[in-house]
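S.K.: Before I ask anything, let me first share the structure, which is written out below as structure tokens.
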Amino acid sequence: MTFSSPEGRREVIPNIEGTKDKRVYNFSIEGSVKERSKIEGETLNERREKLNAKIETLFTSEELGIEVERVDVLKDDIRDSLQVPQWGGYHNEGMYMDTHLERILGAIDVLSTGEVPEGVDESLAQDIKQIANRAFKTDSSSDQRDAVKKSFEQYVFLHDIEKKDCLTLTKKTGEEPKLDKKGNPRKNKEGEVIMVDIKEKVAVTWEEWQDLLPEDLKNGTNPEALSIFMEEQGIVGISYYQEQEEGNKKHGAEGADTVEDFGMEGTLLATAIRNHEVAFQFTTFQPDTYQKYFGDLSEEEIDWVMIASLVDNLGSLREPNKEGKSIPDLSNFKALLDTRHNVLITKQLYDVVDNDDDIAAWVTEGKLKPTRVEQTIRKIEVSKKRLTSVENLLKEVKSTLAPKLLEGKVIGQLVGVLKKQGLGRVIGALRGELSSLAANASIEDVRTVVEKHVDDKEKAENLINWVSSNI
């Protein structure tokens with residue numbers, strides 16, 4: 001991370017890769033967490049010192065409005081959380097959680113200026129900028145901007161404060177044959193049985209985790225030795241969610257309860273912490289899921305939750321890709337962004353449809369049922385693609401709902417006429433195109449469609465005359 005010195009100069013420190021980098025936030029890091037554990041250890045003291053200094057600044061009795069003794073308890077909990085272990089597919093930024101928090105602070109440094117961290121896909125940039133500008137109040141005074149940024153920095157240190165009490169270790173306990181659908185062992189090309197790991201999940205308290213560690217790891221300052229310990233113990237992953245009979249224990253909900261106990265009940269901070277993993281609920285366009293999690297939130301709360309979720313994702317690195325780089329996985333957040341976009345567009349569409357004179361007239365005249373209007377918009381709302389502008393969608397809706405030249409029984413009569421004329425081979429095409437013509441279509445519109453599909457001029461003229469006389 002980059003910090004400003006008292007004189008306003010930029011101080012550049014080694015990132016976890018051990019290289020000098022002037023960027024506030026590094027989107028990708030070379031190598032696996034195990035490969036980088038030695039360098040993580042070499043930079044640990046400096047990183048912890050800076051994080052602890054930040055903790056002292058952000059969490060004071062005056063700032064929080066609570067007694068000094070309670071503030072000290074909160075800060076102790078935060079400092080403990082810096083030592084929470086990370087291992088497995090989701091947190092390859094470092095062996096300890098301090099590296100996760102450092103990355104998030106770097107992302108906030110960028111977003112708070114109205115910019116998007118380098119490396120974030122361009123398809124996300126515009127939406128992220130709009131949300132960040134609102135959340136960080138980039139158009140406000142410097143005092144307001146600083147206050148908002150400070151609140152988000154408090155979020156960084158509080159959002160995972162209960163991870164240490166929600167630890168679940170995934171351990172490899174053996175191997176077994178991989179079975180096919182019939183229950184038979186699968187084999188590779190060489191005829192050898194393919195084996196898969198047998199895994200067991202074990203929920204542990206923070207005290208139990210400490211008891212598992214050898215003495216040289218209890219102080220949480222030796223990432224390289226910790227990585228070796230993980231492998232020796234057969235630990236293949238650590239998560240922060242515990243399944244319990246009396247109700248599953250989630251670190252986000254537990255963290256929100258904790259900060260509320262410290263007097264932050266009903267705050268943006270508590271809401272953001274409780275919902276900071278919401279993006280993982282989205283894999284595609286899911287408007288109903290969006291309503292479930294965001295329907296009761298204010299616009300300001302939504303922006304906070306979106307930024308909280310984004311920076312948590314930016315602060316997390318997946319296992320190295322084919323290029324050997326660990327990068328954030330923003331696919332779930334993209335699905336959330338796309339869903340939010342569609343929800344907002346659909347809301348605007350409902351408003352313009354409600355105020356459209358043509359649609360209102362069709363309903364009043366009995367040519368259109370209100371339920372069909374709702375069904376048409378709902379079909380758009382659950383679409384699996386990113387919606388275009390409200391103007392284009394309104395045209396699409398009106399084209400679908402407008403009274404048509406052929407409807408109901410008339411379509412059956414047309415089919416009968418076509419069969420008598422010996423035009424069975426073009427029934428589908430003619431019925432489809434004539435049915436799509438608006439009720440006020442001219443006879444020339446009809447002629448264009450008919451002559452497109454009927455080569456026999458006499459039959460074409462007979463059909464045109466039938467349409468003119470009967471519709």
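S.K.: Here are some conditions: (1) without any contact (Cβ under 8 Å) to a residue 60 or more places away in the chain; (2) at negative phi; (3) surrounded by fewer than 17 Cβ atoms within 10 Å (Cβ to Cβ). Lys250 meets all but one. Which one does it not meet?
M.R.: (1)
S.K.: Look at the stretch 71-92 and say how many of its residues are at pLDDT 95 or above and in contact with a Gly (Cβ under 9 Å, 6 or more places away or on another chain). Lay out the reasoning, then the answer.
M.R.: So the first thing to find is which residues in the stretch 71-92 are at pLDDT 95 or above, and the list is 71-87.
Adding the requirement that they be in contact with a Gly (Cβ under 9 Å, 6 or more places away or on another chain) leaves 80, 82-87.
Matching residues across the stretch 71-92 total 7.
S.K.: Do you know which residues across the stretch 443-463 are in a loop (DSSP other than H, G, I, E, B) and under 11 Å from Leu418 (Cβ atoms)? Walk me through how you get there before you give the answer.
M.R.: Quick first cut of the stretch 443-463, residues in a loop (DSSP other than H, G, I, E, B) only: 454-456.
Answer for the stretch 443-463, where residues must be in a loop (DSSP other than H, G, I, E, B) and under 11 Å from Leu418 (Cβ atoms): just Val454.
S.K.: Give me a count of the residues in the stretch 158-206 that are closer than 30 Å to Leu74 by Cα, in a strand (DSSP E or B) and either among the hydroxyl-bearing types (Ser, Thr, Tyr) or without any contact (Cβ under 8 Å) to a residue 60 or more places away in the chain (or both).
M.R.: Filtering the stretch 158-206 for residues closer than 30 Å to Leu74 by Cα gives 158-170, 201-206.
Right, trim to in a strand (DSSP E or B) and you get 167-170, 201-204.
Then keep just the ones that are either among the hydroxyl-bearing types (Ser, Thr, Tyr) or without any contact (Cβ under 8 Å) to a residue 60 or more places away in the chain (or both); that gives 168, 170, 201-204.
Within the stretch 158-206, residues that are closer than 30 Å to Leu74 by Cα, in a strand (DSSP E or B) and either among the hydroxyl-bearing types (Ser, Thr, Tyr) or without any contact (Cβ under 8 Å) to a residue 60 or more places away in the chain (or both) number 6.
S.K.: A further question on this structure: Restricting to helices (runs of 4 or more DSSP H) lying wholly in the stretch 54-132: which have 2 or more residues that are under 21 Å from Ser37 (Cβ atoms) and in contact with a Leu (Cβ under 8 Å, 6 or more places away or on another chain)?
M.R.: 97-111
S.K.: Let me ask something else. Is it fair to say Trp362 is buried (at least 17 other Cβ atoms within 10 Å of the Cβ) and either over 30 Å from Ile108 (Cα atoms) or more than 22 Å from the chain's Cα centre (by Cα) (or both)? Before the answer, list the steps.
M.R.: Numbers: buried (at least 17 other Cβ atoms within 10 Å of the Cβ): yes; either over 30 Å from Ile108 (Cα atoms) or more than 22 Å from the chain's Cα centre (by Cα) (or both): yes.
Yes, satisfied.
S.K.: Please verify whether Lys178 is of a type in the set (D, E, K, R), touching a Lys or Arg at 6+ places or on another chain (Cβ under 8 Å) and either in the same structural domain as Gly89 (by TED's automatic domain parsing) or within 30 Å of Asp80 (Cα to Cα) (or both), treating the condition exactly as stated. Spell out the reasoning first.
M.R.: Details: of a type in the set (D, E, K, R): yes; touching a Lys or Arg at 6+ places or on another chain (Cβ under 8 Å): yes; either in the same structural domain as Gly89 (by TED's automatic domain parsing) or within 30 Å of Asp80 (Cα to Cα) (or both): no.
Spelling it out, it is not the case that Lys178 is of a type in the set (D, E, K, R), touching a Lys or Arg at 6+ places or on another chain (Cβ under 8 Å) and either in the same structural domain as Gly89 (by TED's automatic domain parsing) or within 30 Å of Asp80 (Cα to Cα) (or both).
S.K.: With Ser61, Ser112 as the choices, which residue is among the hydroxyl-bearing types (Ser, Thr, Tyr) and over 23 Å from the mean Cα position of the chain (by Cα)? Talk me through it step by step, then tell me what you get.
M.R.: On the way: Ser112 fails: over 23 Å from the mean Cα position of the chain (by Cα).
Result of the check over Ser61, Ser112: Ser61.
The values are calculated or read from the model by the stated rules, or taken from the named source; none is laboratory data. Predicted model only: the values in this text are computed from it and were never measured. With ideal geometry, Cβ positions are generated from the backbone for all residues, glycine too; neighbour counts draw on all protein chains shown.
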